[in-house]
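The values are calculated or read from the model by the stated rules, or taken from the named source; none is laboratory data. Here the structure is a predicted model, which means the values were calculated and not measured. FYI the Cβ positions are ideal-geometry reconstructions off the backbone, even for glycines, and counts take in every protein chain you see.
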Amino acid sequence: MSPATPRIVIVGPGAIGGLLAARFIRSGFPVKLLVKNSQRASFLRRKGLRIEENNAQKIKTHFISSKRFERIEPKASHLSGCDLIFFCTKSYDTLKAARSARPLVDEAQAIVSLQNGIIHKPILNRIFGTKKLVLGISFIAATRSTPNHIRHISGDLIYLAAHPTNKKVIPLAREALEHCGWRVRVTSDEKGMLWTKLMLNASTNPLAALSGVSNEHLVRNPALKDLLLKTLQESLGVMHKTKIRPLFPDLRQIVLKAMDHSEGQINSMLQDIQAGRPTEIDAIVLPILKEARQQGQKLPFLEGLYRFVKGLEKDLHE
Ligand SMILES: NC(=O)c1ccc[n+]([C@@H]2O[C@H](COP(=O)([O-])OP(=O)(O)OC[C@H]3O[C@@H](n4cnc5c(N)ncnc54)[C@H](OP(=O)(O)O)[C@@H]3O)[C@@H](O)[C@H]2O)c1
């Protein structure tokens, strides 16, 4: 290890966090995992991670023994020695996980979040400050078929948002990710970046959760494609009335292509419903509905999908 190699902590080694962790390990970075509780820590210490990587349509399975991690702990106080934190929990776990990671922040140089939605931003800003925090989005599809078996379905593109306060720490995050083979783009439009991903998620995740199909069927089934496009059009209408602009001029084509190219991907909202877990619907759809309400707009498709998914969540908990 070169003395310049940053020491990585992954907070929440689920689908995305586990995939990042495995790539960092295989690229020679020292990696520690901050996990939810002691059961998860002892499970990962016994089992390690099994990663199916999709590289140019070639699937390779890698077993990452727990011995290759520096530490796997539920308490940040046991993880000292950290330069770069990747924050990879679901949106609804942000507050608890950020409080648990707080002791690492003084010695870390940067904290990167690749979470979906927009409600994590104020929480992370409050707990970590803005100088070290880098919000990003990923165009990566990964699933967890068992608690330690992660499948990288598709995608290798990550956007990081730079602003005057955090620009010094961007190169560290960017270089570490690129060293592991991820393509990284840096944008100065944080809001545009987060809302672009919000548009993609809001038009696809609830629909997949309700219809129970993998991503490609959302665009290969004409009725689902029609619903997807109507939901996207509604959401884009709200976004256009704000001053926030999407990262890409033709988001419609990007969404259709992303779904078509993630064959077999059970999107995370559907995975959550199937596993009886809460979904990220409040982080992904509610901000658009709130903004629409302020604009005096009605979004019948998105509102309907929101109510259905909330109903499914409620049924699962009763
Ligand atoms: N999966 C994808 O393809 C994908 C793509 C782009 C963006 N994203 C976004 O990335 C984020 C993570 O998604 P994911 O699919 O990786 O979710 P996931 O598989 O559910 O992983 C989240 C991990 O966070 C852990 N966690 C929860 N509370 C924690 C705490 N207090 N401390 C430490 N760890 C904690 C969970 O532990 P347990 O397992 O013990 O519950 C789980 O391992 C989400 O915002 C998602 O929308 C995902």
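Here is a yes/no grid of residues against (1) in contact with a Ser or Thr (Cβ under 8 Å, 6 or more places away or on another chain); (2) over 23 Å from K121 (Cα atoms); (3) not aromatic (F, W, Y):
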| position | (1), (2), (3) |
| --- | --- |
| G276 | no, yes, yes |
| E280 | yes, no, yes |
| E291 | yes, no, yes |
| G296 | no, yes, yes |
| L299 | yes, yes, yes |
| R307 | no, yes, yes |
Can you tell me which of (1) among the aromatic types (F, W, Y); (2) more than 23 Å from I244 (Cα to Cα); (3) within 9 Å of the ligand (Cβ to nearest atom) is the one F128 doesn't meet? (3)
Single residue of T231, T196 found to be at pLDDT 95 or above, over 20 Å from I150 (Cα atoms) and touching a Pro at 6+ places or on another chain (Cβ under 6 Å): T196
Given the conditions (1) within 11 Å of the ligand (Cβ to nearest atom); (2) surrounded by fewer than 17 Cβ atoms within 10 Å (Cβ to Cβ), and given that S77 satisfies all but one, which numbered condition is not satisfied? (1)
Just the residues that are away from the ligand (no atom under 14 Å from the Cβ) and among the aliphatic types (A, V, I, L, M), please, taken from the range 11-31. I25, V31
How many residues are buried (at least 23 other Cβ atoms within 10 Å of the Cβ) and near the ligand (Cβ under 9 Å from one of its atoms) if we restrict to the range 32-54? 3
List every residue pair whose Cβ atoms lie under 6 Å apart, where the two residues are 6 or more positions apart in sequence or sit on different chains, the first residue falls within the range 23-36 and is within 14 Å of G12 (Cβ to Cβ), and the second residue, located anywhere, is surrounded by 17 or more Cβ atoms within 10 Å (Cβ to Cβ) and of a type in the set (V, I, T). V31/I8; V31/I25; K32/V9; L33/I10; L33/I72; L34/V9; L34/V11
Which residue pairs have Cβ atoms closer than 6 Å, lie 6 or more positions apart in sequence or on different chains, and pair a first residue in the range 246-273 that is free of Cβ contacts under 8 Å to residues at least 60 places away in the same chain with a second residue that is assigned to a helix (DSSP H, G or I) and within 13 Å of the ligand (Cβ to nearest atom)? P246/T196; V255/L200; M259/N215
So, first residue assigned by TED's automatic domain parsing to the domain that holds Q253 in the range 230-242, second residue assigned to a loop (DSSP other than H, G, I, E, B) and of a type outside the set (F, W, Y), Cβ within less than 6 Å, six or more apart or across chains; the pairs are E234/L299
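Mind listing whichever residues of the range 11-39 are in a helix (DSSP H, G or I), within 26 Å of Y92 (Cβ to Cβ) and under 20 Å from the mean Cα position of the chain (by Cα)?
A15, I16, G17, G18, L19, L20, A21, A22, R23, F24
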Would the range 41-52 turn up any residue that is modelled with pLDDT under 95, assigned by TED's automatic domain parsing to the domain that holds A76 and of a type in the set (A, V, I, L, M)? no
With the requirement that a residue be in a loop (DSSP other than H, G, I, E, B), within 12 Å of the ligand (Cβ to nearest atom) and on the phi < 0 side of the Ramachandran plot, what does the range 101-125 give you? L114, Q115, N116, I118, I119
